[in-house]
1. Place +1 on the Cβ of every Lys and Arg and -1 on the Cβ of every Asp and Glu in the chain, take the dipole about the Cα centre, and give the residue among 577, 222, 483 whose Cα lies farthest towards its positive end.
2. Spin-label point model (7 Å from Cα, Cβ direction): what's the residue 347 to residue 299 distance in nm?
3. Past 19 Å, Cα to Cα, is the threshold; run 80/183; 361/435; 360/473 against it and keep the listed order.
4. Straight-line reach from residue 71: which aspartates and glutamates have a Cα under 17 Å away, not including same-chain ones fewer than 8 places off?
5. Considering only protein heavy atoms and a probe of 1.4 Å, how much of the accessible area of the stretch 180-237 is carbon and sulfur, as a whole percent?
6. Would you mind checking 528/687; 127/192; 444/525 for any pair whose Cα atoms are more than 31 angstrom apart?
7. Rounded, prolate or oblate for the stretch 561-644? Axes are the square roots of the Cα gyration tensor eigenvalues, ordered a ≥ b ≥ c, and the cut-off for rounded is a/c under 1.5.
8. Can you work out the FRET efficiency for the pair residue 188 and residue 646, with r the C-beta to C-beta distance and R0 = 56 Å, to the nearest 0.05?
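The values are calculated or read from the model by the stated rules, or taken from the named source; none is laboratory data. What you see is a predicted model, and the numbers here were worked out from it, not measured in a lab. We place every Cβ from the backbone using ideal geometry, glycine too, and count neighbours over all the protein chains shown. The area values use the complete protein model at the heavy-atom level, side chains included, leaving out ligands, DNA and RNA. Shrake-Rupley method; radii C 1.70, N 1.55, O 1.52, S 1.80 Å.
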Amino acid sequence: MPESVDINEKGNLSYPTSFPTSTDVFPQKRRLVSHYRTHTGEKPFACDKCVKKFRYPSKLAEHRRTHTGEKPYACDICVKTFSHSSTLAVHRRTHTGEKPFACDKCDKKFRCSKELTRHLRTHTGEKPFACDHCDKRFSDSSNLAVHRRTHTREKPYACDKCEKIFRKLYDLTRHRYSHTGEKPFACDKCVKKFNDSSNLAAHRRIHTGEKPFACDKCEKKFRCSNDLTRHRRTHTGEKPFACDHCKKRFGDSGTLAVHRRTHTGEKPFACDHCKKRFSDAGNLTRHRRTHTGEKPFACDKCVKKFRYPSKLAEHRRTHTGEKPYACDICVKTFSHSSTLAVHRRTHTGEKPFACDKCSKKFGSSSALTQHRRTHTGEKPYACDKCVKKFSQSSTLAAHRRIHTGEKPYACDKCEKIFRKLYDLTRHRYTHTGEKPFACDHCEKRFNHPSNLAVHRRTHTGEKPFVCDKCEKKFRGSNDLIKHRRTHTGEKPFACDKCLKKFSQSSTLAAHRRIHTGEKPFACDKCEKKFRESNDLIKHRRTHTGEKPFACNKCAKKFGNSSALTQHRRTHTGEKPYTCDKCVKKFSQASTLAAHRRIHTGEKPFACDKCEKIFRNLNNLTRHRYTHTGEKPFACDHCEKRFNHPSNLAVHRRTHTGEKPFVCDKCEKKFRESNDLIKHRRTHTGEKPFACDKCLKKFSQSSTLAAHRRIHTGEKPFIVINVRKNSDVQKISPGIAALILERNHLSAIYVRKHTFIGEASSSTFNLTWITKNKSSMCQSLCALQLLK
């Protein structure tokens with residue numbers, strides 16, 4: 001075969017008059033000449049507008065139309081025009097539905113022979129077009145041409161409306177629709193329209209449920225071939241698309257394009273409802289639904305609808321329990337690949353997302369976004385039921401359930417339901433006992449990474465959360481939020497049984513158990529049950545004797561951190577809680593709350609056995625023991641028992657002789673803090689208890705109570721005299737009960753002395769005879785009670 005083609009005297013191309021024998025036969029010599037160029041590679045027809053050359057004059061004519069924009073072939077059914085007659089012929093079949101080209105391997109049919117040829121290669125696996133820059137092969141020449149441009153970076157297709165250029169004509173066509181807004185492809189099942197036929201085809205499969213593209217490595221199926229291609233890279237680990245600004249690589253070109261905008265800062269997609277701009281068209285589409293409220297993706301198991309298909313797919317796993325993404329370092333599995341990616345960073349310690357305002361780094365972009373709002377104060381998510389705003393959409397969703405009462409997360413081990421998935425996850429650990437997050441400073445383990453993070457700060461001393469009203473610092477953000485309410489007085493959590501409001505949800509939950517009587521936290525050492533888990537933890541230490549909280553000023557240790565905090569104030573003298581009715585200050589918030597009730601007269605704690613009411617829950621608890629007779633706190637030195645740990649603590653000092661409360665004015669020491677408080681008033685002259693009938697004031701509440709009886713005329717005590725030299729006086733339980741009943745009394749005081757009222761107070765000996773417990777009374781003055 002000749003290696004070249006001659007040019008005759010007239011300048012025309014001259015071909016040989018004879019060709020080697022071949023199996024190919026052509027009806028006309030010109031077709032043989034054209035075919036001959038496929039062997040020689042000759043392209044004699046050059047474009048005078050660009051450097052492109054062609055084998056055939058018809059191809060040159062078609063190419064020139066890309067410069068002139070000429071489209072001489074018009075569709076007689078719609079307004080579309082085309083530059084090639086063959087393209088018009090294929091287009092007409094979109095109207096007629098004709099698909100004359102059938103695959104002999106499957107039932108598929110196609111509008112044009114090219115589509116059939118490409119399709120047949122999906123059966124044969126043939127990829128005849130190889131890239132001369134890398135090892136890649138393609139089943140279609142157009143795909144190869146587009147691929148080569150990833151090496152050459154050529155983008156020959158320019159938009160005439162803006163400055164954008166594209167590698168593919170297809171991409172330019174789709175981009176033009178963003179200017180015109182045209183969506184010519186309509187779904188016949190719903191009202192949706194699309195700017196691309198492939199998007200319509202993929203959308204139709206949502207209605208049919210068809211997933212024709214199957215992974216040969218696993219059993220997953222996909223609606224789109226692109227989704228399958230991307231999925232395969234999760235098996236191969238291939239990331240063919242590299243960023244030219246940094247070293248990152250990506251599994252698909254779209255993700256790379258979006259990533260590049262993080263370097264350029266470009267956000268070409270603008271919302272027409274607000275001023276927000278986005279670097280990704282998909283993000284704009286999703287954002288628009290926040291304005292329209294559209295939720296086009298419905299769950300077929302329940303009534304829930306979602307804005308995004310990914311959220312629907314994630315939601316479906318709550319029904320199936322599927323967790324297809326497994327960590328290769330630990331045994332954890334996840335329902336979302338993104339959650340797995342973030343989880344892996346807990347092993348590697350990687351925090352690739354850095355805040356540009358401070359030095360903090362984060363393991364996920366969403367955590368960085370949320371953190372930035374702590375600097376800007378932005379709260380873009382508003383509740384439509386109340387005036388509250390939130391910095392996170394998930395917090396808003398959880399808040400809305402306070403209004404609706406919805407608790408969609410149910411425990412499969414017990415009957416508990418929760419508003420937040422986070423709360424359910426933490427609750428499940430109470431069944432499994434699992435604590436997967438270990439402290440690297442000590443042996444403690446935790447069931448949540450946030451608890452571990454807060455705990456670590458006890459080792460480092462770090463307190464990164466600062467109150468902007470005072471100079472207090474906190475280890476956890478929740479502690480700061482709770483503290484701020486002490487300044488604002490905000491109490492956002494209301495009880496639906498009574499009018500009480502609370503500053504913390506946990507306090508409300510504990511309060512509700514007062515109404516229900518529920519005590520879900522049981523001690524495994526004794527039969528006691530508690531309303532709050534913290535009370536159970538503190539109680540357990542009464543069995544173990546553990547006191548993990550030590551004072552750094554003295555040798556004292558405490559069973560809980562709040563007791564240590566309160567104790568430290570005995571050293572510093574700090575009293576941060578001030579009464580707004582008088583000038584009194586207190587070292588504890590609970591003491592202030594109880595004190596305020598002196599001003600208001602409120603007694604919110606009622607006994608369910610009798611009609612007594614109390615200012616303090618502590619007093620009610622102690623009172624209840626008078627009904628049950630329970631004395632759970634035993635002295636380890638003698639046989640005495642007490643109904644309150646503080647009474648036991650004071651009693652123990654009678655054995656040890658300890659008097660830890662020292663007056664700073666003189667050298668007197670006392671066993672009880674109350675005795676010290678009363679004693680201090682002898683120095684200060686303070687008389688805080690005032691009579692509301694006259695102007696008298698008293699230094700002790702008991703003296704005020706006795707004084708008030710002068711005004712009321714009340715005489716609640718019956719005095720039985722016992723002569724000094726008489727025999728032992730005997731009173732039967734029946735007589736005692738009769739005295740109580742007739743005089744409407746709850747007790748009898750017996751005083752031994754010859755002359756009532758003339759002896760000093762030190763000679764008075766009292767015996768308490770209760771109506772229900774008279775047989776248990778003991779004589780203090782040789783007065784014997786008959787049993």
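1. 577
2. For the pair residue 347/residue 299, the computed spacing is 3.0 nm.
3. Pairs exceeding 19 Å: 361/435.
4. Candidates past the 8-residue exclusion: 62, 160.
5. Roughly 47 percent of what the probe reaches on the stretch 180-237 is carbon or sulfur.
6. 528/687; 127/192
7. Verdict is oblate for the stretch 561-644.
8. It comes out at approximately 0.10.
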